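The values are calculated or read from the model by the stated rules, or taken from the named source; none is laboratory data. Please read all numbers here as calculations on a predicted model, not as lab measurements. Positions of Cβ are backbone-derived with ideal geometry, glycine not excepted, and every protein chain shown enters the neighbour counts.
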Amino acid sequence: MRHFYARAFDAARADFEEAHRRAPRDPLADTFYVASSVRAGERLETLVSKLEERAALAPTDDAEEALLGFAELFSPGDGTDLSARARLAFQRARALAPDSAAPHVGLGILAFDRHAVVEAKREFLAALRIDPLDVLAREYLSQLDLIYLKEPLAAIAVLIDATNTAPGYADAYYHLGEAALAAGRYELAARFLERCLRLDPHGVGEGGRYGRMLLARAYEDGGRVEDAARVRREAVGDE
């Protein structure tokens with residue numbers, strides 16, 4: 001993650017490829033592998049074709065099917081929708097390994113993207129029953145609690161453990177900041193968002209891109225008007 005947030009995408013891709021080899025059922029590592037590959041300049045269509053070949057050559061390997069599914073969750077940018085193919089890949093992975101959390105996470109993300117709240121929550125909870133520390137399942141489950149169920153404190157409780165598992169994951173702190181701000185915990189929100197921006201100073205991820213404006217809101221709502229003005233100036237300078 002340090003390489004990824006430092007924009008050293010070739011090194012990050014090699015790191016996450018090795019992570020997949022050593023711990024092949026980690027959805028967060030798989031999604032970062034895909035993101036690193038695309039940021040390093042590989043066309044998504046080329047990457048998907050390569051992963052399709054890998055999966056075909058290992059027809060009983062659930063981890064390769066899941067990795068393919070996570071690649072197909074990404075948008076090629078030309079309007080092509082690969083979600084139906086991703087669903088098939090995750091279903092194949094689940095059939096091969098019912099004890100793997102990764103297919104449930106992938107299917108949950110597909111449901112989340114369709115705003116199918118009940119289905120998404122069912123899949124993420126199924127993933128967490130298998131792997132209680134799965135970071136991506138916790139991240140999306142917290143977003144369900146925050147966005148749809150309007151329970152920001154529940155969102156914080158779900159996601160906070162993910163930062164212990166993946167302390168370098170900037171976006172987890174960003175979403176914690178969102179939830180704390182929604183709960184009226186302005187100082188807590190500021191601490192989460194400050195941590196996010198320290199981890200992602202170059203604006204690579206969602207938190208790095210949008211965290212400063214959210215931090216300014218947390219400062220302002222907490223009465224730190226001068227700090228809010230300073231952070232807003234920094235955000236404009238970044239843009």
| request: Could you check ALA40 against (1) modelled with pLDDT under 95; (2) in contact with a Phe, Trp or Tyr (Cβ under 9 Å, 6 or more places away or on another chain) and say which number it fails? | output: (1)
| task | Please indicate, with yes or no, whether at least one residue in the range 152-167 is under 20 Å from the mean Cα position of the chain (by Cα) and outside any helix (DSSP H, G or I). | result | yes
| task | Would you mind listing the helices (runs of 4 or more DSSP H) fully within the range 37-110 where at least 1 residues are surrounded by fewer than 24 Cβ atoms within 10 Å (Cβ to Cβ) and among the hydroxyl-bearing types (Ser, Thr, Tyr)? | result | 44-57, 83-96
| field | Subset tally (residues that are in contact (Cβ under 8 Å) with a residue 40 or more places away in the chain and small (Gly, Ala, Ser)) for the range 7-24 | value | 0
| query | Does ARG129 fit the bill of being of a type in the set (D, E, K, R), in contact with a Ser or Thr (Cβ under 8 Å, 6 or more places away or on another chain) and closer than 19 Å to ARG25 by Cβ? | reply | no
| Within the range 218-227, is even one residue crowded, with 18+ Cβ neighbours inside 10 Å, closer than 22 Å to ILE147 by Cβ and not assigned by TED's automatic domain parsing to the domain that holds PHE9? | yes
| query | In the range 1-36, what residues are assigned to a loop (DSSP other than H, G, I, E, B) and farther than 22 Å from TYR173 by Cα? | reply | ALA23, PRO24, ARG25
| Tally of residues being touching a residue at least 24 places away in the same chain (Cβ under 8 Å), assigned to a loop (DSSP other than H, G, I, E, B) and surrounded by 14 or more Cβ atoms within 10 Å (Cβ to Cβ) across the range 111-133 | 1
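Table: residues versus (1) β-branched (Val, Ile, Thr); (2) farther than 16 Å from ALA189 by Cα; (3) crowded, with 24+ Cβ neighbours inside 10 Å; (4) not assigned by TED's automatic domain parsing to the domain that holds ARG25.
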site	(1), (2), (3), (4)
ARG138	no, yes, yes, yes
SER142	no, no, yes, yes
GLU151	no, no, no, yes
ILE160	yes, no, no, yes
ASN164	no, yes, no, yes
PRO167	no, yes, no, yes
| said: Tell me the residue from ARG191, ARG233 that is in a helix (DSSP H, G or I), closer than 28 Å to PRO27 by Cα, outside the structural domain of ASP30 (by TED's automatic domain parsing) and basic (Lys, Arg), please. | reply: ARG191
